[in-house]
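The values are calculated or read from the model by the stated rules, or taken from the named source; none is laboratory data. Computed from a prediction, not measured in an experiment: that's the story for all the values here. All Cβ positions, even for glycine, are placed from backbone atoms using ideal geometry, and neighbour counts span all protein chains on display.
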């Protein structure tokens, strides 16, 4: 019995076959059409040698093919391994070599990237050359018969990798259960509906790009718009034209929309809420969206948690600006000191996370997994946080960024937040040099 991620679209097609699932440019794909394409792609990938537990790589920008590959590999019991195509080519090669994918699907934006020699098949979304296989031909010419695989929730489904900011990128093993519980957690605190329409602007190769607004919209039968270009003017046009109701983006992406010449006249009347996270969210950005009538919800997550951990609810969005909120239904958290003892309210310590959304571990890195997940299943995030008197969580900084001043532990993030509250400061950064913390800020004329 397949109760894994690969069965979602097939099951949804039985309920609402003619509901639009994906929109990309002039292309519109219903759930029944998408289910057929996924079956055909699964058959095609199987013919290319992709079997249970094999990896199928993805290189490229956001495209409907990414989601088709995800669901098709999940049906086979194979593992999708998306790789950030923006990394240096040597790093991409290293990541793919460690994954040893049987097949790699390449979007045109990554067409110039060479693959390791042991990759059996290169499937190209777009014009194929030489020994390459055209993606659309593979889908069209493969069998539409159902793939019958018994998929367990503890089978690995997806293998995204960490950003590599603290070392070489590590593969994060997310199971079918991790991804499913992540969606359930979001549904427990966000008002996702079967007629929701979202626009995918965050990169799919990041867990937030699919896990926060794309899969939670497809799960209940909504529609995902995948823009042909990430240009802010086009995003704003699509939000108005397609009557987008819910969305997600990191602060930089959402800030870029506010700088578009189309921003002043942009129509957000259909939008119920926008979720943001992945980086500290400036208060002015939250207020900018709130002033346009958009409920702006700050959250927190990480790849190792598939990724959703915390969200600030609409009722407290303005009163608790800067807070990452509270955990959803099936996530537990703790804040602990360096010795593992529990912190008191408003005391900063390391954030630990537990729940069925926490990864199975790092790919072929038992040592790193043991460092990250303790014997009781608590995930060490490496992030410094505190819980206030009302149980709202505030993400402070990375634990390793702390420094001492006059015997007190200080976090750069706290200093930066104080600096940016001043009306003459646009942005601020705090770095430690020669055992002395130095604050740098960009100023602007004070408001009159």
Quiz item: Is it the case that some residue within segment 299-322 is on the phi > 0 side of the Ramachandran plot and out of contact with any helix residue (DSSP H, G or I) (no Cβ under 6 Å at 6 or more places or on another chain)?
Solution: yes
Quiz prompt | Residues within segment 120-136 that are assigned to a loop (DSSP other than H, G, I, E, B) and surrounded by 15 or more Cβ atoms within 10 Å (Cβ to Cβ), tallied | solution = 3
Quiz item: Mind checking which residues of segment 381-396 are buried (at least 16 other Cβ atoms within 10 Å of the Cβ) and closer than 18 Å to residue 344 by Cα?
Solution: 383, 384, 385, 386, 387, 392, 393, 394, 395, 396
Exercise. Pull up segment 230-254, narrow it to residues that are out of contact with any strand residue (DSSP E or B) (no Cβ under 9 Å at 6 or more places or on another chain) and at pLDDT below 95, then point me to the one that is surrounded by the fewest Cβ atoms within 10 Å (Cβ to Cβ).
Key: 252
Quiz item: Residues in segment 160-168: is at least one touching a residue at least 24 places away in the same chain (Cβ under 8 Å), surrounded by 18 or more Cβ atoms within 10 Å (Cβ to Cβ) and closer than 25 Å to residue 220 by Cα?
Solution: yes
Quiz item: Going through segment 318-345 one residue at a time, which ones are closer than 24 Å to residue 184 by Cα, surrounded by fewer than 19 Cβ atoms within 10 Å (Cβ to Cβ) and touching a strand residue (DSSP E or B) at 6+ places or on another chain (Cβ under 6 Å)?
Solution: 332, 334
Practice problem: Using the structure shown, decide if residue 258 is touching a helix residue (DSSP H, G or I) at 6+ places or on another chain (Cβ under 9 Å), more than 23 Å from residue 381 (Cβ to Cβ), surrounded by fewer than 17 Cβ atoms within 10 Å (Cβ to Cβ) and assigned by TED's automatic domain parsing to the domain that holds residue 163. | Solution: yes
Quiz item: Looking at this structure, is residue 304 over 26 Å from residue 422 (Cβ atoms), crowded, with 16+ Cβ neighbours inside 10 Å and modelled with pLDDT of 95 or more?
Solution: yes
Quiz item: Can you tell me which residues in segment 349-372 are free of Cβ contacts under 8 Å to residues at least 60 places away in the same chain and assigned to a strand (DSSP E or B)?
Solution: 349, 350, 351, 352, 353, 354
Quiz item: Which residue pairs have Cβ atoms closer than 8 Å, lie 6 or more positions apart in sequence or on different chains, and pair a first residue in segment 81-92 that is free of Cβ contacts under 8 Å to residues at least 40 places away in the same chain with a second residue that is assigned to a strand (DSSP E or B)?
Solution: 92/59; 92/83
Quiz item: In this structure, is residue 215 touching a strand residue (DSSP E or B) at 6+ places or on another chain (Cβ under 6 Å) and assigned by TED's automatic domain parsing to the domain that holds residue 15?
Solution: no
Quiz item: Restricting attention to segment 93-101, does a residue exist that is touching a helix residue (DSSP H, G or I) at 6+ places or on another chain (Cβ under 9 Å), surrounded by 14 or more Cβ atoms within 10 Å (Cβ to Cβ) and not in a loop (DSSP other than H, G, I, E, B)?
Solution: no
Quiz item: Which residues, counting only those in segment 137-159, are surrounded by 14 or more Cβ atoms within 10 Å (Cβ to Cβ) and not in a loop (DSSP other than H, G, I, E, B)?
Solution: 138, 139, 151, 156, 157, 158
Practice problem: Scan segment 214-229 for residues that are buried (at least 16 other Cβ atoms within 10 Å of the Cβ) and assigned to a loop (DSSP other than H, G, I, E, B) and report the count. | Solution: 7
Practice problem: Examine segment 346-364 for a residue that is touching a helix residue (DSSP H, G or I) at 6+ places or on another chain (Cβ under 8 Å), over 17 Å from residue 304 (Cβ atoms) and surrounded by fewer than 21 Cβ atoms within 10 Å (Cβ to Cβ), and state whether such a residue exists. | Solution: no
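Per-residue answers, yes or no, for (1) closer than 15 Å to residue 210 by Cβ; (2) surrounded by 20 or more Cβ atoms within 10 Å (Cβ to Cβ); (3) at pLDDT below 95:
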site: 19; (1), (2), (3): no, no, no
site: 26; (1), (2), (3): no, no, no
site: 42; (1), (2), (3): no, yes, no
site: 56; (1), (2), (3): no, yes, no
site: 68; (1), (2), (3): yes, yes, no
